[in-house]
1. Here are some residues: 86, 59. Which one is crowded, with 20+ Cβ neighbours inside 10 Å and either within 29 Å of residue 158 (Cα to Cα) or not β-branched (Val, Ile, Thr) (or both)?
2. Going through the stretch 125-157 one residue at a time, which ones are touching a residue at least 60 places away in the same chain (Cβ under 8 Å) and either among the polar types (S, T, N, Q) or over 18 Å from residue 58 (Cα atoms) (or both)?
3. If the requirement is being within 17 Å of residue 14 (Cα to Cα), among the charged types (D, E, K, R) and either within 18 Å of the chain's Cα centre (by Cα) or not in a strand (DSSP E or B) (or both), which of these qualifies: 83, 156, 109, 124?
4. Anything in the stretch 54-103 that is at pLDDT 95 or above, within 16 Å of residue 117 (Cα to Cα) and hydrophobic (A, V, I, L, M, F, W, C)? List them, or say none.
5. What are the residues in the stretch 1-10 that are surrounded by fewer than 17 Cβ atoms within 10 Å (Cβ to Cβ) and either among the hydroxyl-bearing types (Ser, Thr, Tyr) or touching a residue at least 12 places away in the same chain (Cβ under 8 Å) (or both), if any?
6. What's the number of the condition residue 16 fails, among (1) surrounded by 19 or more Cβ atoms within 10 Å (Cβ to Cβ); (2) out of contact with any strand residue (DSSP E or B) (no Cβ under 9 Å at 6 or more places or on another chain)?
7. So which residues in the stretch 27-45 are part of a loop (DSSP other than H, G, I, E, B) and modelled with pLDDT under 95, if there are any at all?
Amino acid sequence: MNERVAVYPGTFDPITNGHLSIVNRALKIFDKLIIAILNNPHKAPLFTLQERIDMIREVLKGKPEVQVDTFDGLLVDYVVQMKTNVILRGLRALSDFEYEFQMALMNRKLNRDVQSVFLMTDYKWFYTSSTIIKEAASLNGDINGLVPPIVGRKLKEKFGY
């Protein structure tokens with residue numbers, strides 16, 4: 001039987017409990033999940049690429065069916081390189097859908113064999129994003145329960161709390 005593999009791309013700056021919800025639910029559908037961190041030189045992330053890799057690996061240790069990797073360039077090329085044809089994306093609000101729909105159509109134009117699969121976020125993560133969490137953490141806001149404990153500690157270190 002062929003292994004069902006999906007690529008879950010993003011910046012994961014940092015990984016949140018919303019991301020983890022998508023990961024855990026995806027593992028009920030796919031045999032293997034590749035978390036692919038985009039190395040985008042046009043973005044200025046709070047955490048370095050290596051810090052993001054380390055946090056994700058720490059949070060997901062004990063899940064051998066999850067691989068953490070990085071990529072640059074076209075996502076569809078990376079997906080094919082990883083010998084799969086599935087891009088996994090999480091959706092929160094209508095604004096996410098509009099953006100993700102555009103990206104899925106562009107990816108489909110670039111490679112018709114690559115499919116986009118969307119999972120709706122759990123209702124309790126509907127309002128969260130890495131950006132909002134970083135903003136709250138920068139002001140010493142309580143982000144407990146929104147990110148894994150290790151991520152919370154790393155955010156406090158970054159912001160000097």
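1. Every option except 59 fails the conditions.
2. 125, 128, 129, 130, 133, 134
3. Of 83, 156, 109, 124, the one residue that is within 17 Å of residue 14 (Cα to Cα), among the charged types (D, E, K, R) and either within 18 Å of the chain's Cα centre (by Cα) or not in a strand (DSSP E or B) (or both) is 156.
4. 75, 76, 79, 80, 86, 87, 88
5. Selection gives 3, 4.
6. Failing condition for residue 16: (2).
7. 39, 40, 41, 42, 43, 44, 45
The values are calculated or read from the model by the stated rules, or taken from the named source; none is laboratory data. Since we're looking at a predicted model, the values are computed, not measured. We place every Cβ from the backbone using ideal geometry, glycine too, and count neighbours over all the protein chains shown.
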